[in-house]
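The values are calculated or read from the model by the stated rules, or taken from the named source; none is laboratory data. None of these values were measured; they are calculated from a predicted model. Note that each Cβ is placed from the backbone with ideal geometry, even for glycine, and that neighbours are counted across all protein chains shown. SASA here: full protein model, heavy atoms, side chains in, ligands and nucleic acids out. Shrake-Rupley method; radii C 1.70, N 1.55, O 1.52, S 1.80 Å.
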Amino acid sequence: MRQIKFCRACIVLYCSLFILAGCSQKPYHKETRIMMGTFVEITCQDKTAMNAAFEEIKKIENIANKFSPASEISRLNKNGEIKASPDFLNLIKESKKYYALSGGAFDITVSPLVDTWKNKIKEALEKKSENLLPAEDELGDKLTLVGSDKIFINQKESLVKFTQSGMSIDLGGIAKGYAVDKAVLRLKALGINSCLINAGGNIYCLGKKGKRKWHIGIQHPRNPGKLLFYLDLENQAVATSGDYEQYFMLAGKRYSHIINPETGYPVDNGLASVTIITKDATTADILSTTVFVLGKEKGQALLEKIANTEYRIIEEKDL
Ligand code: ADP
Ligand code: MG
């Protein structure tokens, strides 16, 4: 979660006809902070509530940041076990649930391979190395550490334990969505009924903006300046996963940060992006990554089983 990324979903805010007409709608404030390795943007009418929402996101960052030695995730990755806080336990339980539902496509234990490939992406960006493909041996060794069935949970004692040494987890495919949901809960507790939160493309639209639904533009995966389509949402979440923000090109092939846990290589199935619209941001975040890994057919088959979910799968060949 270290790398700062540009937001993939650009928020198109309506020019408020109310204000133009002189009606007394309270003005919206928009603030962006760098958190969770990305830009977190909140649009809402109440500044105190906005600060409270940022606070909630910060709490999840403190739990799920692999690069801070004091975080729960770092302590679990270092020691192989931990007495987990309720949020950390929820993150791991939810991840394991989708590991099972997806037949292993969503797998937080893919962490060692994520590190390998993210280092390669960094080297490519800094033009540090010509040798961008990791050795097969290295990938093979790391693959032996993968499998969320090797994470043991003792719910009663809030204990999380790895059953194989050397394992580690990465919550990059779920933590931003979860943090958004926590922020929404806090806002609701404060009586807020209109707000938009966008954590690096993991978005929740609370209520409406004035009389209209929130108008969200989803970025074109191959043209950052262009929007591919728009959504009008109310009390819904949307998340997009794709291969266009963290990647390098080699011999005409794209290597991104989303890893196929079966092969140890970045996903290579013809998809360019997956957008999921559903009722909460955690599920949208998990499912966008999962369907990106599964590919179109298997992804659609999984989505058919999940209630209240809409999606847009964009294939490379469509663009
Ligand atoms: P982003 O983090 O760019 O918003 P995603 O939500 O799709 O995008 O999550 C991708 C992140 O999830 C990766 O950067 C990595 O940390 C993690 N990840 C990569 N592959 C997998 C996978 N197969 N299962 C679960 N998490 C993954
Ligand atoms: Mg995700």
Q: Quickly run through region 184-207 and pick out the residues that are touching a Ser or Thr at 6+ places or on another chain (Cβ under 6 Å) and charged (D, E, K, R).
A: none
Q: Could you look through region 182-218, keep only residues that are open to solvent by 30 Å² or more (accessible area, probe 1.4 Å) and in a helix (DSSP H, G or I), and pick out the one that is nearest to ligand 1 (Cβ to nearest atom)?
A: Lys182
**Q.** Filter result (among the hydrophobic types (A, V, I, L, M, F, W, C) and either farther than 24 Å from Lys83 by Cβ or not in a helix (DSSP H, G or I) (or both)) within region 168-181
**A.** Ile169, Leu171, Ile174, Val180
Q.
With the structure loaded, tell me whether Thr289 is of a type in the set (Ser, Thr, Tyr) and open to solvent by 10 Å² or more (accessible area, probe 1.4 Å) or whether it fails that test.
A. yes
Q: Working only within region 97-156, note down all residues that are in contact with a Leu (Cβ under 9 Å, 6 or more places away or on another chain) and polar (S, T, N, Q).
A: Ser102, Thr109, Ser111, Thr116, Gln155
Q.
Yes or no: region 154-163 includes at least one residue that is open to solvent by less than 60 Å² (accessible area, probe 1.4 Å), polar (S, T, N, Q) and away from ligand 1 (no atom under 16 Å from the Cβ).
A. yes
Q: Would you kindly identify the helices (runs of 4 or more DSSP H) lying entirely within region 74-167 that contain at least 3 residues that are within 16 Å of ligand 2 (Cβ to nearest atom)?
A: 86-101, 111-125
(Q) Can you say whether Thr38 is without any contact (Cβ under 8 Å) to a residue 60 or more places away in the chain and of a type in the set (Val, Ile, Thr), as far as the supplied structure shows? (A) no
Q. Could you list, in sequence order, the residues of region 275-319 that are polar (S, T, N, Q) and on the phi > 0 side of the Ramachandran plot?
A. Asn308
Q. Within region 53-80, can you find the residues that are in contact (Cβ under 8 Å) with a residue 40 or more places away in the chain and open to solvent by less than 10 Å² (accessible area, probe 1.4 Å)?
A. Ala53, Phe54, Ile57, Ile60, Ala64, Ile73, Leu76
